[in-house]
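S.K.: I am attaching a structure below and will ask some questions about it afterwards.
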Amino acid sequence: MINRFLIAGALIPAVLLFAAACGGDDDDDVSEEGDDGGGEASTELTVVTVDNAFEPTDLTVPAGEEVTVTIRNDGTALHNLHVVADGQDFVSEDLNGGDESTLTFTVGEPGTYEFMCDYHVPDMIGELTVQ
């Protein structure tokens, strides 16, 4: 009888310790994803410029959501990314070959808008669809 009590007395704290260690604070995971923080949603995209072309040429983003576009110049010519939407101009900094930059903007009105490289119009024109 005593052996069973001794074993149970040693086993119960070990099980409780194991359960506490395995349980996690799920709230931390949710806030890292931004689901419970009440913060604004955002979209991240990448556009690569090569000599006289965008890759991709068609982008789609949600209306009213902050958009961050990473622009990478894999070509040798000077490029930028210029978005004309909602009556506003959103323009990245100029990028020499090998440079990378980001452009952050929000378009509130759904529709189809142009983006371009100011240095290579009409060759470098793309379409931004806001839904």
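S.K.: Residue by residue through the stretch 117-123, what is 3J(HN,Hα) from phi via Karplus (6.51 cos²θ - 1.76 cosθ + 1.60, θ = phi - 60°)? Round to whole Hz and write x for glycine and proline.
M.R.: Rounded to whole hertz, the list is 9, 4, 8, 9, 7, x, 5.
S.K.: Can you tell me the length gained on complete extension of the stretch Ala41 to Asp118, counting 0.36 nm per residue apart and subtracting the Cα distance?
M.R.: 24.8 nm
Values in this text are rule-based calculations from the coordinates and carry no lab data. Remember, predicted model here, so these are calculated numbers, not experimental data.
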